[in-house]
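Working notes, beginning with the structure itself.
Where a number appears in this text, it was derived from the coordinates with a stated rule and is not lab data. Just so it is clear, the model here is predicted, and its values are computed rather than measured. Because the Cβ atoms are built from the backbone with ideal geometry, glycine has one as well, and the counts that use them run over all protein chains shown.
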């Protein structure tokens, strides 16, 4: 088993050596969502056609990123189903179907799952009832089943886990239910919990004084999107969610650490190496759970190992990934809440931008300038491609009373939709955040993007368009109408030596090839 | 409060519902809070006075979707599937009850009868006004404009009066006229109503009722916000005729 774990670590790290496989949620540990495959290019993408379509078994939104291992796709289906598919034909090889408790409620999001992790011959999935389950990759049989948290209190897992060496890392959802967030690591072989990092520090811990009285107990800070990993530094980077209650901060004066932050944790122990808080004392629900992308960048003339994040709060950030030093922050979408960032990266918040009973109009909307869906980074163009939601909203402040397992939100929003909002794919110079090109979409998207070494960017739209853009220029080169709304991220893999592109749309997983 | 006396009387009336109602034990402060919540979060669709807009007219005594007060609270909390009515999941239980309490008050505060002869209005709709040439009511009529079979349940008399005088004043949110000119210069200019649109294509019904589909990169597309093919009836119908037509429209509730 040990050999298998090491093998997977190596392959995820050096996925360029295994370009036909897609071994972790974001494609590699650096979370580039970049395929090194080159067969599909701007010159031939117009000939891309569906190879097969897999229809999921239950109703619900399909948000999975398939993993691909030697021609087999491992996908998740709503609500908590794992399926192995033959990558050549789309035929099902096995399914693991979890019986969910009848009294399970997801609070603040749909009954979705975004994908699995894999290590050797074991597949790992987080469940809506907040368990982490290890499955035999050949049969779908359960190897172990660990309770991560009690679902009755609004804890839930939708994110794909991340395998790091001999551990499986999983985040937790529940930011609208007043949970106290954490990030967990489990022994991949036994399912025994190896460490837990609380995103809301308890009494005596550093940062606890950013909470008032008992507010830390319901402080939120969920970890609901998969993070990234730097094997050289042995650090895990993971974004944290909003403080609770979301839109009424009266009961929690202070910065509310480590909500709306990026935390860098020792992969072996879960110890906090550094943190950076993007939005102190957030009251707009701007989780910082967006994908932390690890890149090498030249910042002010100096080569740096950085972590880049296009944040939900509409700013693009570069941080030194060794120590969390703020290097750069610049808006990449319309925002009306901050005058800018100071030299430490702390926002200079404009007056009268907090939610009110009557409603306060602010850009971006609570769904943010981007959200959980993935950006992509091409080491060839050095651009970061982001699916952008340029949309304002009236933010309402309401009451928030904590009752376990119910909404603990304290407000809401009404978005400015229709022609008052727009969606875009924006290509940013990753070192400066400057706009290189943009491609307009009919509406603010819920789909992420994939970049390829062939020179393409693939993305989806709410109206079902799956499309390819020229990675260098943003020119539209190909489009297929899938017939369902798209809330997913594309990936690429090979079967029989041929490059394929996979994406979920509507109730289907579509796979395309030349 | 705009009309304190009326609201107080109504409060007394609702408070008399007794322990069965979720409104039992509520106070005038709850009603005021419900009004603030309604005006901030519901009025955008239902109108500031609750008399309808893109959402249903709530200034009525009986709701189609909520048989009793508890059901009204549920509709607010859970929304209505397959409609634009969202679930106000962010409201606390108390806030949704307060909002429902205020919504219930809207119908009791506004029980004024609509003057006008609905039968004569129907004759104008089908005859002099030629409304039926573009609008379907109970299965009969033209299909260029929206189906009006249930329009009386969603719009107020004041809305009908305003739209008849100036049809562009209150267009449905998703209604859009477009002008399309092929870039090749090969075809004539086409005007129509948008049926669907995505990032790459647009589908329309032209003014003669034909379906057309275009790739957006092959045409020059102009979105004509605020335009409608519906004519103004200002000066075309006299006050009595307008009143009769409004009485007819108010009566259209999708019931036989």
Helical contribution to [θ] at 222 nm, DSSP H n ≥ 4, -39,500 (n - 2.57), averaged over the protein assembly as shown, rounded to 500: -4000 deg cm²/dmol
Whole-Å distance, taken between Cα centres, linking segment A:235-291 and segment A:173-202: 14 Å
Residue A:17-residue A:475 FRET efficiency (beta carbon distance; Förster radius 30 Å; 0.05 resolution): 0.45
Tilt relative to chain B, helix B:93-109 - C-alpha long axis, 0 to 90 degrees, to 10: 80 degrees
Average Cα contact separation per residue, chain B, under 8 Å, 6 or more apart, as relative contact order %: 19 percent
Alpha carbon centroid spacing (whole Å) that separates segment A:391-438 from segment B:207-225: 31 Å
Computed label-point distance, nm, for sites residue B:87 and residue A:435 using a 7 Å Cα→Cβ extension: 3.7 nm
Average Cα contact separation per residue, chain A, under 8 Å, 6 or more apart, as relative contact order %: 15 percent
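What do you get for Rg/Rh over segment A:23-134 if you use C-alpha atoms and the Kirkwood form of Rh?
Checking Rg against Rh, the ratio lands at 1.00.
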Stretch gain in nm, segment residue A:152-residue A:419, where the contour uses 0.36 nm per residue and the Cα spacing is subtracted: 92.1 nm
Pair-distance profile P(r), taking every C-alpha pair of the protein assembly as shown, with 10 angstrom steps and integer %: 3, 13, 22, 23, 19, 12, 6, 2, 0
Sorted by Cβ density within 10 Å, fewest first, the residues A:170, B:27: B:27, A:170
At 0.890 mPa s and 25 °C, Stokes diffusion of segment A:190-272 via Kirkwood alpha-carbon radius, µm² per second: 181 µm²/s
Globularity index of segment B:107-256, i.e. its alpha-carbon radius of gyration over 2.2 N^0.38 Å: 1.21
For q = 0.14, 0.21 Å⁻¹, Debye-computed log10 I/I(0) when each Cα of segment B:61-176 counts as one equal scatterer: -0.80, -1.25
Rg/Rh for segment A:263-420, where both radii come from Cα atoms and Rh is the Kirkwood radius: 1.00
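If you build the Cα gyration tensor of chain B and take the root of 5 times each eigenvalue, what three semi-axes come out, in whole angstrom, biggest first?
Semi-axes (√(5λ), whole Å): 39, 24, 15.
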Relative contact order for segment B:148-237, counting Cα pairs under 8 Å that sit 6 or more residues apart, in percent: 31 percent
Theoretical gain in end-to-end length, residue A:38 to residue A:187 [0.36 nm per residue, Cα-Cα removed]: 50.0 nm
Residue A:103 versus residue A:498: modelled label distance in nm, points set 7 Å from Cα along the beta carbon direction: 5.2 nm
Degrees between helix B:239-251 axis and first principal axis of chain B (Cα, 0 to 90, nearest 10): 70 degrees
Where labels lie 7 Å past Cα in the beta-carbon direction, separation of residue B:62 and residue B:133 in nm: 3.7 nm
By average C-beta atoms within 10 angstrom, highest first, the peptides A:189-195, A:283-289, A:59-65, A:105-111: A:283-289, A:59-65, A:105-111, A:189-195
Among B:185, B:55, B:152: highest mean-square fluctuation, GNM of chain B, C-alpha pairs under 10 Å: B:185
